[in-house]
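The values are calculated or read from the model by the stated rules, or taken from the named source; none is laboratory data. Note that the structure is predicted; figures quoted are calculated from it, not measured. Counting neighbours? That spans all protein chains shown, and the Cβs are built from the backbone with ideal geometry, glycine included.
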Amino acid sequence: MQPDIRVQPEDFSQEREVAALRARGGAVGAIVTFTGLVRDLDGEAAVHGLHLEHYPGMTEKSLRKIALEAAARWPLCDVTIIHRIGVLRGAEQIVFVGVSSAHRQAAFGACEFIMDYLKTSAPFWKKSLREDGEFWVEAKASDAAASERWRS
């Protein structure tokens with residue numbers, strides 16, 4: 001399996017990505033996807049957008065590594081990870097994770113595993129553009145706790 005890894009400023013089509021996962025698959029019996037969006041509220045503050053930065057080359061290598069780790073843990077047919085960078089406005093798509101497998105449990109598990117990694121360890125830096133100023137986004141304790149369950 002060669003995962004499809006993209007870090008890009010351009011938006012993506014969920015429908016096109018699911019169709020590609022189906023087309024590349026062989027024994028595909030399940031496709032699980034996650035799409036993350038820019039929230040328009042951060043607590044009580046209105047959010048105008050997010051500014052996402054990354055380290056080119058290192059980021060793609062890191063995402064490929066986690067996709068291959070997921071494939072080592074579950075029997076997967078394919079993985080697609082798309083993460084956008086640049087300035088994104090409210091309700092815009094940020095991230096797409098698509099996982100195909102012969103079985104739903106493997107697809108669900110791998111998709112959740114990849115997202116937990118993306119939230120806590122992927123080399124992206126996010127600045128929230130709020131009505132009350134700009135703030136770097138820190139990983140949440142709940143995200144770290146979710147990621148810890150995969151460490152065994």
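A few notes on this one:
- Top-ranked residue in region 49-95 [being of a type in the set (Ser, Thr, Tyr) and modelled with pLDDT of 95 or more; ranked as nearest to ALA19 (Cα to Cα)]: THR80
- Qualifying positions in region 131-152 - of a type in the set (A, V, I, L, M), under 17 Å from the mean Cα position of the chain (by Cα) and either at pLDDT below 80 or closer than 13 Å to SER121 by Cβ (or both): ALA139, ALA144, ALA146
- Scope region 95-112; condition under 17 Å from the mean Cα position of the chain (by Cα) and surrounded by fewer than 20 Cβ atoms within 10 Å (Cβ to Cβ); matching residues: PHE108, GLY109, GLU112
- Count of region 13-32 residues, restricted to those that are over 30 Å from GLU138 (Cα atoms) and part of a strand (DSSP E or B), is 2.
- Within region 15-29, residues that are in contact (Cβ under 8 Å) with a residue 60 or more places away in the chain reach no partner that is surrounded by fewer than 10 Cβ atoms within 10 Å (Cβ to Cβ) and among the polar types (S, T, N, Q) with beta carbons closer than 6 Å at six or more positions or on different chains.
- Test set (1) surrounded by fewer than 18 Cβ atoms within 10 Å (Cβ to Cβ); (2) more than 23 Å from SER128 (Cα to Cα) - ILE66 fails condition number: (1)
- Helices (runs of 4 or more DSSP H) lying entirely in region 33-152 (those with 1 or more residues that are under 15 Å from VAL7 (Cα atoms)): 58-73, 104-120
- Verdict on VAL28 being of a type in the set (Val, Ile, Thr) and touching an Asp or Glu at 6+ places or on another chain (Cβ under 6 Å): no
- Under the condition of being free of Cβ contacts under 8 Å to residues at least 60 places away in the same chain and surrounded by fewer than 19 Cβ atoms within 10 Å (Cβ to Cβ), the residues counted in region 113-133 number 4.
- Residue within region 71-84 that is touching a helix residue (DSSP H, G or I) at 6+ places or on another chain (Cβ under 8 Å) and farther than 30 Å from VAL28 by Cβ present: no
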